[in-house]
Amino acid sequence: MNIAIFVSGSGSNCENIIRYFAHNDHIQVSLVISNKADAYALQRAKNLNVPAVVLSKKELQQQDIMMPLLQQYDIQFIVLAGFLVMIPDYLIEAFDHRMINLHPALLPKYGGKGMWGHHVHEAVKAAGETETGMTVHYVSNVCDGGEIIAQFSTPIDPDDTPDTIAAKEHELEMRHFPPVIEQLINNLQASE
């Protein structure tokens, strides 16, 4: 099964996922798409010999651009890994239960518009939470509102800063996100 990863930033999760599936006979990262030409994720993809494409926010909204591109690489599953653009309805419908997002908090807390990256960890710290975590969910037309697939948590110490909270949460992402993707795809393949 061919995966496309959509990413807007550094791409540490993107690289981790590519490496995780590098020697898998059934699952392969075949395309990386970014809405930012300066996203370091593009360089990471290139370093690992995965085709990478930059599309503007406007191009992402255009079905006649996106669908042929995804078909060209025979994409059957989409992973959003730090992708900061709302997904258009046509793509959500085309990849129903085949498009997932990673969110750096325990949804439904700290989700929605404006809740990404450091903003999430600052909000978690400000609220005095004693734990945080990551959520993998299906993509819907509500920001961070899709059906939750998996969550993993980590404790927060009183002296943790937003930076140390971010580091703890990121460690969860690196450990758990690729196996969750693998399990979802294995389940899909088993049901086909």
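You will find that of 87, 65, 75, the residue that is closer than 24 Å to residue 119 by Cα and of a type in the set (Val, Ile, Thr) is 87 and no other. One residue is enough: does segment 22-35 have a residue meeting the conditions hydroxyl-bearing (Ser, Thr, Tyr) and within 28 Å of residue 191 (Cβ to Cβ)? Yes, segment 22-35 contains at least one residue that is hydroxyl-bearing (Ser, Thr, Tyr) and within 28 Å of residue 191 (Cβ to Cβ). Does at least one position in segment 88-107 carry a residue that is surrounded by 16 or more Cβ atoms within 10 Å (Cβ to Cβ) and hydroxyl-bearing (Ser, Thr, Tyr)? Taking every residue of segment 88-107 in turn, none turns out to be surrounded by 16 or more Cβ atoms within 10 Å (Cβ to Cβ) and hydroxyl-bearing (Ser, Thr, Tyr).
Confirm whether residue 111 is open to solvent by 10 Å² or more (accessible area, probe 1.4 Å) and either within 23 Å of residue 185 (Cβ to Cβ) or touching a strand residue (DSSP E or B) at 6+ places or on another chain (Cβ under 8 Å) (or both). Yes, satisfied.
At positive phi and either of a type in the set (D, E, K, R) or surrounded by 16 or more Cβ atoms within 10 Å (Cβ to Cβ) (or both): does that describe residue 74? So residue 74 fits the description; yes. Residue-level check: of (1) in contact (Cβ under 8 Å) with a residue 12 or more places away in the chain; (2) open to solvent by 10 Å² or more (accessible area, probe 1.4 Å), residue 5 misses just (2). Per the listing 30, 12, the residue uniquely among the small types (Gly, Ala, Ser) and free of Cβ contacts under 8 Å to residues at least 60 places away in the same chain is 30. Of the residues making up segment 44-70, just one is surrounded by 14 or more Cβ atoms within 10 Å (Cβ to Cβ), closer than 17 Å to residue 13 by Cβ and either without any contact (Cβ under 8 Å) to a residue 24 or more places away in the chain or acidic (Asp, Glu) (or both), namely 52. Is segment 9-21 home to any residue that is of a type in the set (A, V, I, L, M, F, W, C), open to solvent by 40 Å² or more (accessible area, probe 1.4 Å) and either within 15 Å of the chain's Cα centre (by Cα) or more than 20 Å from residue 60 (Cβ to Cβ) (or both)? No - not one qualifying residue is present in segment 9-21. Applying the condition of being assigned to a loop (DSSP other than H, G, I, E, B) and of a type in the set (Asp, Glu) to segment 118-152 and asking which residue is least open to solvent (accessible area, probe 1.4 Å) yields 144. Within segment 31-41, the set of residues being open to solvent by less than 100 Å² (accessible area, probe 1.4 Å) and more than 15 Å from the chain's Cα centre (by Cα) comprises 36, 37. What number of residues in segment 119-163 are out of contact with any Pro (no Cβ under 6 Å at 6 or more places or on another chain) and over 16 Å from residue 80 (Cβ atoms)? Final tally of qualifying residues: 23.
Residues that are in contact with a helix residue (DSSP H, G or I) (Cβ under 6 Å, 6 or more places away or on another chain) and on the phi > 0 side of the Ramachandran plot within segment 2-54 comprise just one, 11.
Among the residues of segment 141-153, none qualifies, meaning not one is hydroxyl-bearing (Ser, Thr, Tyr) and under 30 Å from residue 90 (Cα atoms).
Just to be sure before I move on: is residue 169 touching a helix residue (DSSP H, G or I) at 6+ places or on another chain (Cβ under 8 Å), charged (D, E, K, R) and at pLDDT 95 or above in the structure I sent? Steps first, answer last, please.
On the way: touching a helix residue (DSSP H, G or I) at 6+ places or on another chain (Cβ under 8 Å): yes; charged (D, E, K, R): yes; at pLDDT 95 or above: yes.
Judged against the criteria, residue 169 is a match.
The values are calculated or read from the model by the stated rules, or taken from the named source; none is laboratory data. Just so you know, these numbers come straight off a predicted model, no measurement behind them. Note that we place each Cβ from the backbone using ideal geometry, even for glycine, and neighbour counts take in every protein chain shown. Please note that ligands, DNA and RNA were not included when accessible areas were found on the heavy atoms of the full protein model with its side chains. Shrake-Rupley method; radii C 1.70, N 1.55, O 1.52, S 1.80 Å.
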